[in-house]
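Notes follow once the structure below has been shown.
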Amino acid sequence: MKPSFHPKLINDSFSDPGLFIPFLFEKRALLFDLGDLSKLSARDLLKISHVFVTHTHMDHFIGFDALLRLLLGRDKEVYLFGPSDFIQKVEAKLSSYTWNLIENYENTLSIHVTEIKREKILKQRYNSRDRFKPTGAPEELPFAGNILSEEHFSVNAVILDHKIDCIGLSLIENFSINITKEGLKELGLQVGPWLREFKKAIYGGGNSKQNFQVVWQDKDKVIREKDFILSDLKEKIAMISPGQKITYIADIIGSPENIKKAVDLAQDSNILFIEAAFLDKDKDMAQRKYHLTAREAGLVARKARVKKMTPFHFSPRYFGQEKELIQEAMTAFRSGT
Ligand SMILES: [Zn+2]
Ligand SMILES: [Zn+2]
């Protein structure tokens, strides 16, 4: 079974945090946290449509400039999400540059910013044609956990405590479509680009009685085609299974309230990326700095019954002790100790 999202941490666990989540069948990606992006190619950066910034400590937000630099001069819409004061932080970044020539550019870059507060969401827009000045007063919407909903996935957020607001994030795929080899064989079909169109048609949720034409090239390079009713084809070759859930929790203190919220957010995730900044023997320091220990991270993963946990964002004081941090988190995850 191939999941539709393939998340990968951009940097090693001692460097800036950030999760790059490319889509399997589209030239598109999501980004959780906006730290040092230098390890991502321009090709990958250009796939990013939505960026979710957990909080604006420098290690989580310094990549803003690199992304903006690359997107400038292109026709592009990019969506940024962040916690309280995020609109002001983005505006401060944008207003620190001089934009006197930008209205002459042929292309328009639009930046849509969503600020997540405890009970509401604020939305603001900026575009290069207006020298990135805000377009009127921000739009206000209620906030009840969901911050993005698309055809086949959604993103949920919860506000956690890091002495400032820090948002925890879950990406939830609605369902995934897996193609069965037996089904293809039975119908005499071969894999090819048509499968992508087929999946698109199913994700689109339109009329299942519509015609769907399968076109492929056989071994002798002859183009072949066959017509189906979409729902019949789906029944023969597709297995629909629940989608993946990917949760990302960065800087938070291990308070009972935070732990409960983190566990609720991460519940039954296929994979949980969670900060494990300190060893549990240095718990006092972790508390003072509003971070989790590796043990606390492992316990969150265990309570949330996640299938896989990836601890990350280690304090630089543990250089060379990566194994200890991972081991402490894994022991807590597996045995609850
Ligand atoms: Zn932080
Ligand atoms: Zn951090």
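Laboratory data are not the source of any read-out in this text; all were calculated from the coordinates shown. Keep in mind it's a predicted model, so treat the numbers as computed, not measured. Reconstructed Cβ throughout: ideal geometry from the backbone, glycine too, with neighbour counts over all protein chains shown.
Average projected area of the Cα convex hull of segment 276-337, in nm²? Walk me through the intermediate numbers first.
Values: hull surface 15.4 nm².
Approximately 3.9 nm², given one-decimal rounding.
Scaled against 2.2 N^0.38 Å for its residue count N, the alpha carbon radius of gyration of segment 184-239 is 1.10. Mean residue ellipticity at 222 nm, helices only, the chain: -7500 deg cm²/dmol; runs of at least 4 DSSP H residues each add -39,500 (n - 2.57), and the sum is divided by the number of residues.
Specify the longest stretch of the chain that does not include any exposed loop site, a site being one of the GluC sites (Glu not before Pro) with a non-H, G, I, E, B DSSP assignment and at most 14 other Cβ atoms within 10 Å. Could the numbers behind the result be given before it?
Values: sites that count: GLU26, GLU106, GLU119, GLU150, GLU151.
Excluding the exposed sites themselves, the longest stretch runs over 152-337.
Would you kindly calculate the translational diffusion coefficient of segment 63-120, applying Stokes-Einstein with the Kirkwood radius from alpha carbon pairs, for 10 °C and a viscosity of 1.306 mPa s, and quote it in µm² s⁻¹ without decimals?
Details: Rh = 12.6 Å.
My calculation gives 126 µm²/s for D.
Test of understanding: in a Gaussian network model of the chain with alpha carbons linked when under 10 Å, which of SER154, SER269, SER231 would top the mean-square fluctuation ranking? So, out of SER154, SER269, SER231, the one fluctuating most is SER231. Centroid-to-centroid, using Cα positions, segment 128-176 and segment 1-50 are 17 Å apart. Taking ILE48, ILE159, ILE237 as the candidate residues, the one with maximal mean-square fluctuation in a Gaussian network model of the chain, Cα springs under 10 Å, is ILE237.
The chymotrypsin sites (Phe, Trp or Tyr not before Pro) of segment 3-64 that meet both conditions, a loop assignment by DSSP and at most 16 other Cβ atoms within 10 Å of the site Cβ, are PHE14, PHE25. Overall, the ratio between the Cα radius of gyration of the chain and 2.2 N^0.38 Å, rounded to two decimals, is 1.11. Short to long, the 5 Å bins of the Cα pair-distance histogram for segment 1-150 hold 2, 9, 18, 22, 20, 17, 9, 3, 1, 0, 0 percent of all pairs.
Could you size up the charge dipole of the chain around its Cα centre, putting +1 on the beta carbon of Lys and Arg and -1 on that of Asp and Glu, and report it in debye to the nearest 20?
On the way: 49 positive and 45 negative charges, 126 e Å.
About 600 debye.
Inter-part distance, segment 200-231 to segment 242-265, computed on C-alpha centroids, equals 41 Å.
Given the pairs LYS236/LYS261; LYS199/LYS303; LYS39/LYS307; LYS200/LYS260; LYS76/LYS245; LYS47/LYS236, which span a C-alpha to C-alpha distance of over 30 angstrom in this model?
Numbers: LYS236/LYS261 42 Å; LYS199/LYS303 34 Å; LYS39/LYS307 28 Å; LYS200/LYS260 37 Å; LYS76/LYS245 28 Å; LYS47/LYS236 33 Å.
Cα-Cα > 30 Å for LYS236/LYS261; LYS199/LYS303; LYS200/LYS260; LYS47/LYS236; rest within.
Between ARG43 and ASP232, what's the calculated FRET efficiency when r is the beta-carbon distance and R0 is 45 Å? Round to 0.05. Don't skip to the answer; put the middle values down first.
Working: r = 38 Å, r/R0 = 0.85.
In this case the efficiency is close to 0.75.
Could you compute the longest span of the chain free of trypsin sites (Lys or Arg not before Pro) located in DSSP loops and having at most 16 other Cβ atoms within 10 Å, not counting the site residues? List each step's numbers first, then the result.
Working: sites that count: LYS27, ARG28, LYS39, ARG74, LYS117, ARG118, ARG131, LYS163, LYS209, LYS219, LYS221, LYS289, ARG305, LYS307.
Longest stretch, sites excluded: 222-288.
Among ASP33, ASP75, ASP161, the residue with the largest mean-square fluctuation in a Gaussian network model of the chain, with springs joining Cα atoms closer than 10 Å, is ASP75. For segment 142-212, the C-alpha radius of gyration sits at 1.68 times the compact-globule guess of 2.2 N^0.38 Å, with N the residue count.
For LEU70, the shell of other residues with beta-carbons less than 11 Å away shows a net charge of +2, using +1 for Lys and Arg and -1 for Asp and Glu. Over all orientations, segment 187-337 has a Cα convex hull whose mean projected area works out to 13.5 square nanometres. Placing unit charges on each Cβ (+1 for Lys and Arg, -1 for Asp and Glu) gives the chain a dipole about its Cα centre, and among LEU19, ILE121, SER269 the Cα reaching farthest toward its positive end belongs to SER269. Measuring nothing but how far apart in sequence close Cα pairs (under 8 Å, 6+ apart) lie, relative to its length, the chain scores a relative contact order of 12 percent. Expressed in Å, the radius of gyration and Dmax of the Cα atoms of segment 94-231 are 23.3, 65.
Taking 0.36 nm per residue of sequence separation and subtracting the Cα-Cα distance, how much length would be gained by fully extending the chain between TYR97 and ASP268, in nm to one decimal?
Details: separation 171, 0.36 × 171 = 61.56 nm, distance 4.38 nm.
Contour length minus Cα-Cα distance gives 57.2 nm.
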